[in-house]
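> Right, I'll just put the structure down here and ask away after.
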Amino acid sequence: MQNRAMREYAARRGWTIIMQVKEVGSGAAQRPLREKLLEAARRREIDVALVWRLDRWGRSVADLLSTLQELEHLGVGFVSLTEALDLTTPAGRAMAALLAVFAACAREILGERVRAGLAHARQNGQRLGRPATAARHADKVSKLRRAGLSKSQIARRLSIGRTSVRRILAAPPRKK
């Protein structure tokens, strides 16, 4: 159904179909056939990319916008049949610009939410970042060093990094 509708649309527009991409398992991160189509665009072998739906082309708004911008830079049009988004027209390009604005806004809102969440966690006394796993071994590190073990031997015995051992030994002694 999709292929027939796209072929009929291309015929109405007077376009010649150069290549057809049909990816199965389209949720995959690697999409070799889409990349093949982009390579054809980079070689100036195609003038327009016609897709059934936007979600068939981009897996995220960021992915969609980056590939649409690349196609625009290459002078390759983009048409999404079911959304009636035609970037070969001025109105279609305006819609793409609006999509980019909304995507940027969504990224900024997400960043603000993350920063607010981190600030809230700090205010509630929550420790952020990686846990201080090696610091728990400070007493053992000092004891093993006094026993004459090298820094590498200590690291192996306690299953911590040599840099952690050096950092613990270089730190001033803790008060008990």
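Just so you know, all these numbers are worked out from the coordinates, no wet-lab data involved. Model, not experiment: these values are computed from the prediction. Quick reminder, even Gly has a Cβ in these numbers, built from the backbone with ideal geometry, and neighbours come from all protein chains shown.
> Under unit Cβ charges (Lys, Arg +1; Asp, Glu -1), what dipole magnitude, rounded to 20 debye, does the chain have relative to its Cα centre?
2380
> Hey, what do the phi angles of segment 116-121 turn into as Karplus ³J(HN,Hα) couplings, whole Hz, using 6.51/-1.76/1.60 and θ = phi - 60°, x for Gly and Pro?
5, x, 5, 4, 4, 4
> Would you mind checking which residues have amide H under 5 Å from Leu85's amide H? H placed 1.01 Å from N; only 5 or more apart, or other chain.
Answer set, sorted by chain and number: Ser80.
> Okay, next question. From the phi angles alone, apply the Karplus equation (6.51, -1.76, 1.60; θ = phi - 60°) to segment 69-86 and give each ³J(HN,Hα) in whole Hz, x where the residue is Gly or Pro.
5, 5, 4, 4, 4, 7, x, 9, x, 9, 10, 9, 5, 6, 8, 6, 9, 10
> Can you give me the pair-distance distribution of the chain, C-alpha pairs, 5 Å bins, whole percents?
Spelled out bin by bin, the chain gives 1, 7, 12, 12, 10, 7, 5, 5, 6, 7, 7, 7, 6, 4, 2, 1, 0, 0 percent.
> While we're here: Helix-only estimate, please: 222 nm mean residue ellipticity of the chain, summing -39500 (n - 2.57) across DSSP H runs of length 4 or more and dividing by its residues, to the nearest 500.
-18000 deg cm²/dmol
> Next question. For the chain, build the charge dipole from Cβ charges (+1 Lys, Arg; -1 Asp, Glu) around the Cα centre, then report which of Gly111, Trp15, Gly75 sits farthest towards its positive end.
Checked the options; the winner is Gly111.
> With charges only on Cβ, +1 for K and R and -1 for D and E, what is the dipole size of segment 93-176 about its Cα centre, in debye, rounded to 20?
Once rounded to the nearest 20, the dipole reads 860 debye.
> Under 5 Å between amide hydrogens, which residues at least 5 positions from Gly58 or on another chain qualify, with H placed 1.01 Å from N in the peptide plane?
Close amide H contacts, sequence-distant or interchain: none at all.
> Compute the length gained on full extension between Ala121 and Gln153: take 0.36 nm times their separation in residues and subtract their Cα-Cα distance, giving the result in nm to one decimal.
Here the segment from Ala121 to Gln153 would lengthen by 7.7 nm.
> If amide hydrogens are placed 1.01 Å from N in the peptide plane, which non-local residues have theirs closer than 5 Å to the one on Val48?
Gly77
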